[in-house]
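The values are calculated or read from the model by the stated rules, or taken from the named source; none is laboratory data. Just so we're clear, the structure is a prediction, and the values are computed from it rather than from any experiment. In this analysis, Cβ positions are derived from the backbone assuming ideal geometry, glycine residues included, and neighbour counts consider all displayed protein chains. Protein only, heavy atoms only, side chains kept; ligands, DNA and RNA dropped before computing areas. Shrake-Rupley method; radii C 1.70, N 1.55, O 1.52, S 1.80 Å.
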Amino acid sequence: AYYSNGKLTYTSLSYYFQFCKKLFVIGREKHIGEPLDAKFVSSGSNIYIHGLPSPISKNGIKNRKWLQSRYQEIISKVDFLVVRLPSEHGLACIDVAKKMGKRVIVEMVASPFDCLWYRGDLAAKLYAPILSFRVKKALEKSQNSIYVTKRYLQSNYPTKGNSIGVSDVEIEHIAAPKTLGMKKKYRVGVIGNPELKLKGIKDLFYAVKASSIDIELSIVGGSLRSELEVHMSKYDFVEQRGFISDKASMNQWISSLDLYVQPSYTEGLPRSVIEAMAQGVPVMGSCVGGIPELVNDNALFKPGDSLEITNIIERIISDVNLYNELAKHSIYRARSFNKEEKEKKVQFIRKATVNPY
């Protein structure tokens with residue numbers, strides 16, 4: 001069986017059944033020691049996973065001809081290809097699909113430069129401008145592109161073809177704006193894998209730790225086994241919830257928060273921020289990617305600046321007027337992610353898959 005950490009589970013991949021009867025998925029794989037919980041399963045009825053080595057890995061370079069033949073074999077079976085960039089497999093498959101005359105839709109979900117630059121290692125920093133250039137070229141030539149942002153990704157990775165800027169998030173219910181009463185302890189939440197440096201959760205941890213206000217930091221996501229997670233487990237003010245798959249449970253967790261913080265070093269348009277806003281929770285975020293398109297200017301901070309995060313958290317919690325303003329802002333922004341907005345993406349894909357490449 002194949003599993004995902006939450007983003008490409010069977011449930012999320014089933015979105016594409018609006019446009020096809022069978023779905024073939026190409027992605028990187030790694031072997032794990034034991035089966036995971038059913039909520040992490042990616043493979044299933046009419047979804048066929050093909051785990052392949054990255055084209056730039058040692059195994060991928062060594063078996064380059066074999067890898068190309070696998071791309072050709074899989075893509076020959078499909079009517080159209082959806083490529084989520086940035087992705088090494090995605091870039092390679094675009095070339096194969098074009099040669100075979102297959103229709104291609106690009107989903108641009110994040111900045112390749114930012115993803116590599118903030119990963120932490122030297123090799124990633126050296127490769128960041130190269131991957132960024134390759135993705136720019138792919139977007140420029142793409143005939144049909146979907147961006148998750150309205151402005152950020154479009155300005156850095158423009159296309160000459162048809163495009164739309166729309167998130168795949170649909171908010172069905174919007175709560176009332178959160179109010180802040182006098183409390184002994186306040187709850188600050190974040191969704192993300194602490195193991196990934198680019199999520200900035202380490203910065204948020206130290207920001208809360210340094211605060212003069214009594215705050216509980218609640219974290220959803222991660223394996224609970226990384227070095228940072230083990231370290232944070234030693235502190236009583238940290239609550240680590242792991243992965244929450246049930247939507248009702250996730251909304252219940254969000255509604256328990258007094259403040260949501262997205263401290264990432266890079267993002268497209270984070271679903272977690274939108275979902276927190278739908279619960280009427282004030283949101284803070286780093287001024288990267290599409291976050292400034294969502295978050296109020298008074299609640300933005302530089303990524304990696306723990307001191308600034310501490311100061312803004314304390315200012316929001318101690319200023320009732322600012323808190324209420326941010327709660328109302330959350331509701332205002334959440335209302336734009338409605339059924340009509342999501343339908344634009346559906347119609348865009350349908351049109352792109354009907355027209356010849």
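For the range 255-314, which residues satisfy the criterion of being acidic (Asp, Glu) and touching a helix residue (DSSP H, G or I) at 6+ places or on another chain (Cβ under 9 Å)? Don't jump to the end; show me each part of the working.
Filtering the range 255-314 down to residues acidic (Asp, Glu) leaves 258, 267, 275, 293, 297, 305, 308, 314.
Those that are acidic (Asp, Glu) and touching a helix residue (DSSP H, G or I) at 6+ places or on another chain (Cβ under 9 Å): Asp258, Glu267, Glu275, Glu293, Asp305, Glu308.
Touching a residue at least 12 places away in the same chain (Cβ under 8 Å) and either farther than 20 Å from Leu8 by Cβ or loosely packed, with under 13 Cβ neighbours inside 10 Å (or both), is that true of Lys77? Yes; evaluated as a whole, the condition is true for this residue.
The C-beta contact set for the range 6-34 (first residue on the phi > 0 side of the Ramachandran plot, second residue surrounded by 15 or more Cβ atoms within 10 Å (Cβ to Cβ) and in a helix (DSSP H, G or I), distance under 8 angstrom, 6+ apart or interchain) comprises Gly6/Phe40.
Sort out which residues of the range 299-325 are touching a Phe, Trp or Tyr at 6+ places or on another chain (Cβ under 8 Å) and open to solvent by less than 20 Å² (accessible area, probe 1.4 Å), and write them in order of number.
Of everything in the range 299-325, those that are touching a Phe, Trp or Tyr at 6+ places or on another chain (Cβ under 8 Å) and open to solvent by less than 20 Å² (accessible area, probe 1.4 Å) turn out to be Ile309, Ile312, Ile316, Ile317.
Considering Ser111, Ser132, which residue is in contact (Cβ under 8 Å) with a residue 40 or more places away in the chain and at negative phi? Just one listed residue meets the conditions, Ser111. Inclusion of Gly101 among residues that are open to solvent by 40 Å² or more (accessible area, probe 1.4 Å) and over 30 Å from Gly242 (Cβ atoms) is warranted. With respect to the conditions (1) within 17 Å of the chain's Cα centre (by Cα); (2) open to solvent by 40 Å² or more (accessible area, probe 1.4 Å), Val106 lacks only one, and its number is (2). Against the definition (touching a Gly at 6+ places or on another chain (Cβ under 7 Å) and under 28 Å from Val169 (Cβ atoms)), how does Gly27 come out, yes or no? In short, yes.
Here is a check on your reading of the model: is Ile171 in contact (Cβ under 8 Å) with a residue 12 or more places away in the chain, β-branched (Val, Ile, Thr) and closer than 20 Å to Leu13 by Cα? So Ile171 fits the description; yes. Which of (1) over 19 Å from Ser272 (Cα atoms); (2) of a type in the set (Lys, Arg); (3) modelled with pLDDT of 95 or more; (4) part of a loop (DSSP other than H, G, I, E, B) does Lys209 not meet, given it meets every other one? Among (1) over 19 Å from Ser272 (Cα atoms); (2) of a type in the set (Lys, Arg); (3) modelled with pLDDT of 95 or more; (4) part of a loop (DSSP other than H, G, I, E, B), Lys209 violates only (4). Among residues of the range 271-287 being open to solvent by less than 30 Å² (accessible area, probe 1.4 Å) and either part of a helix (DSSP H, G or I) or modelled with pLDDT under 95 (or both), the one that is nearest to Ser4 (Cα to Cα) is Ser272.
Out of Arg315, Arg335, report the one residue that is more than 23 Å from Ser111 (Cβ to Cβ) and within 21 Å of the chain's Cα centre (by Cα).
Among Arg315, Arg335, only Arg335 is more than 23 Å from Ser111 (Cβ to Cβ) and within 21 Å of the chain's Cα centre (by Cα).
Remark: Arg333 falls outside the filter, which requires a residue to be modelled with pLDDT of 95 or more, touching a Leu at 6+ places or on another chain (Cβ under 9 Å), in a helix (DSSP H, G or I) and surrounded by fewer than 16 Cβ atoms within 10 Å (Cβ to Cβ).
If you filter the range 246-270 down to residues that are open to solvent by 30 Å² or more (accessible area, probe 1.4 Å) and out of contact with any Asp or Glu (no Cβ under 8 Å at 6 or more places or on another chain), you find that the one that is farthest from Tyr332 (Cα to Cα) is Asp246.
For Asp236, the requirement of being assigned to a loop (DSSP other than H, G, I, E, B), within 30 Å of Val96 (Cβ to Cβ) and open to solvent by 10 Å² or more (accessible area, probe 1.4 Å) is not met.
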